[in-house]
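Taking it in order: structure first as structure tokens, then the write-up.
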Amino acid sequence: MSELTNCPNCNDIFVKNQFREICQNCWKEEEKAYETVYQFIRKRENRAATMEQVVSATGVEEELILKFIKTGRLKLTQFPNLGYPCDKCGAIIRTGKLCDHCSEILRKELDVFAMEEERRLEIERREKNATYFAMDEKIKGRN
């Protein structure tokens, strides 16, 4: 579904659609930047370049290069020294959204949460199955 919005880069009004989040002019500039970066890193001598080297050699902002990596336009398997920051701690990673350390911490926290949830459900089950008897004095006297 298309909608009229402002371009996040230049603030021009454009029709946003499912394929583009930016206006036509900014998209063309991004395509030129992509070609510049791709032409640089596809050369054999530049394949082992770090992010800083790519930024300084091409003049393309690191943020834009990271966008190319995250959208899959640049495949990290071909470029061993490129990566992007972990969403939680900022460490450089090559796959996923979290580094191994943050993934392990999250996994442990989820395990603790699952154990606490299981314990809570067990307590609820016990309380539900517990039977309480009350004696009403009036009923007791009738027997």
* Among the candidates 62, 35, 30, which residue alone is acidic (Asp, Glu) and more than 28 Å from residue 98 (Cβ to Cβ)? -> 35
* Asked: Can you name the helices (runs of 4 or more DSSP H) wholly within segment 10-99 that have at least 3 residues being among the acidic types (Asp, Glu) and at pLDDT 90 or above?
  -> 24-41
* To do: Give the residues of segment 11-33 that are of a type in the set (A, V, I, L, M, F, W, C) and under 18 Å from residue 60 (Cβ atoms), sorted by residue number.
  => 22, 26, 27, 33
* Residue that is surrounded by the most Cβ atoms within 10 Å (Cβ to Cβ) [pool: residues in segment 27-54 that are under 24 Å from the mean Cα position of the chain (by Cα) and under 11 Å from residue 9 (Cβ atoms)] -> 30
* To do: For segment 49-75, enumerate the residues that are acidic (Asp, Glu) and farther than 17 Å from residue 86 by Cα.
  => 52, 61
* Would you please list the contacts, defined by Cβ atoms under 7 Å and residues six or more apart or on different chains, that run from a residue in segment 1-14 that is under 14 Å from residue 29 (Cβ atoms) and in the same structural domain as residue 28 (by TED's automatic domain parsing) to a residue that is in a loop (DSSP other than H, G, I, E, B) and of a type in the set (A, V, I, L, M, F, W, C)? => 7/22; 7/23; 8/22; 9/22; 10/23; 12/23; 14/7; 14/23
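The values are calculated or read from the model by the stated rules, or taken from the named source; none is laboratory data. Here the structure is a predicted model, which means the values were calculated and not measured. Cβ sites come from the backbone with ideal geometry, for glycine too, and all protein chains shown count toward neighbours.
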